[in-house]
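Enquirer: Before I ask anything, let me first share the structure, which is written out below as C-alpha cells.
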C-alpha cells in the first residue's frame, strides 16, 4: 500500500499482517499470545509498529463476558427489546452500558458510550458463544496504555497500540474499523492552516489517523471465524508519543454534525479557532 509521491524518495510502503492466535479464553495473556503467534511465523516487533487488537479478544481475556441467562431485564428493556426485535437480556446490558440511547432499527440501537457513538453500546453477541455477550473492556484507554507498556517491557520496542471494534457509518452498508482507544502515538493530525493543492488553507480538516489504521486492521482481521484477533501495521505515517492524548480523537456532541442533527440542533455561530 504505497503512499507519497511515486518516483521520489517519499515513497513508502504500509504493511499489514493479520495475526492468527487460536481461540482467546478468559484469563489468557492476550499480549503474550499475540507476540508468540507472531514469533511462530517469524514476525518481530519493530520500533514504530502499530499493534491492533480486537476489543472482543481483549474483553474475553479480561472476562468482560456476560451470561445472558444471569441478566434480569427491566420493563424498559423488555419494551425496547420488543420494538427492536432483540433479546430483553441483551437490551438490558445495552441500557446498563450506554450513556444515552437515541433510537435504532431492527436489531440495533444507536447509543453514546464513553463519548463514542456506537451500536448497542459496544455490547455484542458475535464470537463469544451462544447465550453470552461481550462488553467493551473497562476503561479502554487504560487497557491500551497497559498493553503498550507491556509490549515495551517484553520486546524493548516503542510501538503504538489500538483497540479495534467495528462500526457502521450513516447511509453506508457494512462495517468498518473503529479505534475504541489508541496509545503511543498521536491519534489525530491537525491539518488546519495547511494549503490544499491550490494553496488555499484548510479550515476544518483533521486526519483521524487511529481510525484510519483501525479500518486497515479491521480489513485484515475480518469479522467471521478466522481467529485473527490482531494485526501488525508497519510503515504507517504516525508520530510516536508516549504522552499522546488518546482522548483527542473524540469531540463533544456540540461539535458533531451527526449528533447535532440527531438532537435537532442547527448550525450555531462560534468564534474562529486559532
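Enquirer: Quick check on residue 99: is it at positive phi and either free of Cβ contacts under 8 Å to residues at least 24 places away in the same chain or in the same structural domain as residue 258 (by TED's automatic domain parsing) (or both)?
Expert: Numbers: at positive phi: no; either free of Cβ contacts under 8 Å to residues at least 24 places away in the same chain or in the same structural domain as residue 258 (by TED's automatic domain parsing) (or both): yes.
For residue 99, the condition - at positive phi and either free of Cβ contacts under 8 Å to residues at least 24 places away in the same chain or in the same structural domain as residue 258 (by TED's automatic domain parsing) (or both) - is not met.
Enquirer: Just to verify a result, which residue in the range 163-175, among those that are in contact with a helix residue (DSSP H, G or I) (Cβ under 7 Å, 6 or more places away or on another chain) and modelled with pLDDT under 95, is surrounded by the fewest Cβ atoms within 10 Å (Cβ to Cβ)?
Expert: Of the range 163-175, the ones in contact with a helix residue (DSSP H, G or I) (Cβ under 7 Å, 6 or more places away or on another chain) are 163-166, 170.
Narrowing further to those that are modelled with pLDDT under 95: 166, 170.
Values: 166: 21, 170: 8.
Across the range 163-175, the extreme among qualifying residues is 170.
Enquirer: Still on this structure, please answer the following. Looking at the range 171-190, which of its residues are in contact with a strand residue (DSSP E or B) (Cβ under 7 Å, 6 or more places away or on another chain) and in a loop (DSSP other than H, G, I, E, B)?
Expert: Of the residues in the range 171-190, the ones in contact with a strand residue (DSSP E or B) (Cβ under 7 Å, 6 or more places away or on another chain) are 175-185, 187-190.
Residues satisfying the conditions are 175, 184, 187, 188.
Enquirer: Residue by residue through the range 19-32, note down the ones that are in contact (Cβ under 8 Å) with a residue 40 or more places away in the chain, assigned to a loop (DSSP other than H, G, I, E, B) and in contact with a helix residue (DSSP H, G or I) (Cβ under 7 Å, 6 or more places away or on another chain).
Expert: 20, 21, 24
Enquirer: Still on this structure: Out of 109, 35, 86, 93, I need the residue that is more than 23 Å from residue 162 (Cβ to Cβ), in a helix (DSSP H, G or I) and over 17 Å from the mean Cα position of the chain (by Cα). Which one? Spell out the reasoning first.
Expert: Values: 109 fails: in a helix (DSSP H, G or I); 35 fails: more than 23 Å from residue 162 (Cβ to Cβ); 86 fails: in a helix (DSSP H, G or I).
None of the others qualify; the one that does is 93.
Enquirer: Restricted to the range 1-18, and to residues that are assigned to a loop (DSSP other than H, G, I, E, B) and either closer than 20 Å to residue 162 by Cα or modelled with pLDDT of 95 or more (or both), which residue is farthest from the chain's Cα centre (by Cα)? Even if it seems obvious, please write down each step before you answer.
Expert: Applying the first criterion (assigned to a loop (DSSP other than H, G, I, E, B)) to the range 1-18 yields 1, 4-11, 14.
Still in the list and also either closer than 20 Å to residue 162 by Cα or modelled with pLDDT of 95 or more (or both): 1, 14.
Details: 1: 21, 14: 19 Å.
In this case the residue turns out to be 1.
Enquirer: Would you point out the residue of the range 121-133, among those that are under 17 Å from residue 177 (Cβ atoms) and over 13 Å from the mean Cα position of the chain (by Cα), that is modelled with the lowest pLDDT? Quick ask: steps written out before the conclusion?
Expert: Quick first cut of the range 121-133, residues under 17 Å from residue 177 (Cβ atoms) only: 122, 124, 126-127.
So of that shortlist, the ones also over 13 Å from the mean Cα position of the chain (by Cα) come out as 124, 126-127.
Values: 124: 93, 126: 87, 127: 84.
Top of the filtered list is 127.
Enquirer: Are any of the residues in the range 3-16 in the same structural domain as residue 185 (by TED's automatic domain parsing), under 26 Å from residue 147 (Cα atoms) and touching a helix residue (DSSP H, G or I) at 6+ places or on another chain (Cβ under 8 Å)?
Expert: Checking the range 3-16: at least one residue is in the same structural domain as residue 185 (by TED's automatic domain parsing), under 26 Å from residue 147 (Cα atoms) and touching a helix residue (DSSP H, G or I) at 6+ places or on another chain (Cβ under 8 Å).
Enquirer: Only one of (1) surrounded by fewer than 13 Cβ atoms within 10 Å (Cβ to Cβ); (2) touching a helix residue (DSSP H, G or I) at 6+ places or on another chain (Cβ under 6 Å) is not met by residue 70, so which one is it?
Expert: Here residue 70 meets the rest and fails (2).
The values are calculated or read from the model by the stated rules, or taken from the named source; none is laboratory data. Bear in mind the structure is a predicted one, so any value in this text is a computation, not a measurement. Using ideal geometry, Cβ is built from the backbone for each residue, glycine included, and neighbour counts are taken over all protein chains shown.
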